[in-house]
Amino acid sequence: MPREMFEPVFTELFPFWSEISEDDKKYICDNSFALSYPQGTTIHDGNECSGVFIVKKGCLRVYIMSEDGKDITLYRLHAGDMCMLAASCVLQAITFDVLVDAEENSECYVIGGPAFAAVSERNHNIKIFALELAVTRFSDVMWVMQQILFMSMDKRLAIFLHDESTRLGTDNLTLTHEQIAKYMGYAREVVSRMLKYFSNEGIVEVSRKGVKILDRKRLRELTL
């Protein structure tokens with residue numbers, strides 16, 4: 001039953017799937033799970049090799065947290081995306097802890113970390129795939145670090161709002177100030193002040209329902 005459930009998914013996602021043995025395919029499928037996570041659930045706390053997450057539905061937030069409790073969103077995963085950074089036993093070069101939360105009610109396929117690691121030791125193509133995926137995610141991480149270190153607050157906020165609007169296909173973003181602050185790694189008060197400035201300039205409209213983009217052209221100009 002597990003193989004019937006998972007193999008069609010893995011055949012589509014993993015370029016190495018046709019090259020590994022039938023025993024390894026069965027082993028990976030036998031150690032895979034279909035799990036649901038309510039919104040707000042911490043599904044990886046950085047303390048163990050949770051495994052490889054594949055998002056079927058919903059959204060996961062991958063982030064790091066400082067000793068004083070401040071967190072910075074590294075990237076988010078949507079349907080069809082995969083996270084390898086929660087599988088430190090697969091990529092042992094990862095020496096920092098990431099945390100993963102369910103940002104929305106989410107459904108995921110999870111491959112047990114030790115099982116995926118064991119099969120990857122026998123198959124170099126799997127290791128190459130895992131490293132390539134990790135490099136792609138590190139590029140996302142470096143983009144976040146670049147924004148934090150070198151970009152002004154107004155430009156970062158403009159980029160965030162523009163990207164969210166483009167991704168969702170709407171000018172109405174149902175996000176609270178606190179959520180935006182968490183994504184950007186700022187205090188909520190800082191985000192609120194900048195949103196008020198954008199509002200005074202006629203770029204956005206802020207309400208209890210979220211943020212509505214009024215002037216996409218000026219918002220886009222701020223991202224350049």
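The values are calculated or read from the model by the stated rules, or taken from the named source; none is laboratory data. Remember, predicted model here, so these are calculated numbers, not experimental data. We place every Cβ from the backbone using ideal geometry, glycine too, and count neighbours over all the protein chains shown. For accessibility, only protein heavy atoms count, side chains too; no ligands or nucleic acids. Shrake-Rupley method; radii C 1.70, N 1.55, O 1.52, S 1.80 Å.
Using only Cα atoms, find the angle between the long axis of helix 113-122 and the longest principal axis of the chain, and express it within 0 to 90 degrees, rounded to the nearest 10. Helix 113-122 sits at roughly 60 degrees to that axis. In the chain, the longest principal axis of the Cα atoms and the axis of helix 2-13 are about 60 degrees apart.
In the chain, carbon and sulfur make up what percent of the accessible area (probe 1.4 Å)?
After summing per-atom areas, the C and S share lands at 52 percent.
Decide, for the stretch 116-224, between rounded, prolate and oblate: order the square roots of the alpha carbon gyration tensor eigenvalues as a ≥ b ≥ c, take rounded if a/c falls under 1.5, and otherwise choose prolate if a/b is larger than b/c, else oblate. In terms of gyration-tensor shape, prolate.
Once the chain from T136 to T42 is taken as fully extended at 0.36 nm per residue, the excess over their C-alpha distance is 31.5 nm.
Taking a straight Cα-Cα cut-off under 17 Å and skipping sequence neighbours fewer than 8 places away in the same chain, the lysines within cross-link reach of K155 are K182, K196, K217.
Using DSSP to define loop residues, name the GluC sites (Glu not before Pro) in the stretch 128-224 whose beta-carbon has at most 14 other beta-carbon atoms within 10 Å. Hits after loop and neighbour filter: E201. Entry note, the chain: relative contact order of 19 percent, from Cα contacts under 8 Å with a spacing of 6+ residues.
Shown for the stretch 1-151: lysine pairs separated by 8 or more places, or found on different chains, whose C-alpha atoms are under 21 Å apart, numbering 4.
In the context of the full set of protein chains, residues of the chain present 53 Å² of accessible surface per residue (probe radius 1.4 Å, heavy atoms only). Take L149: with every protein chain present and a 1.4 Å probe, its accessible area is about 130 Å². Over the stretch 130-224, Cα pairs under 8 Å with separation of 6+ residues give a relative contact order of 29 percent. Note on T170 and K217: with the Förster distance fixed at 22 Å, the Cβ-Cβ geometry gives a FRET efficiency of about 0.85.
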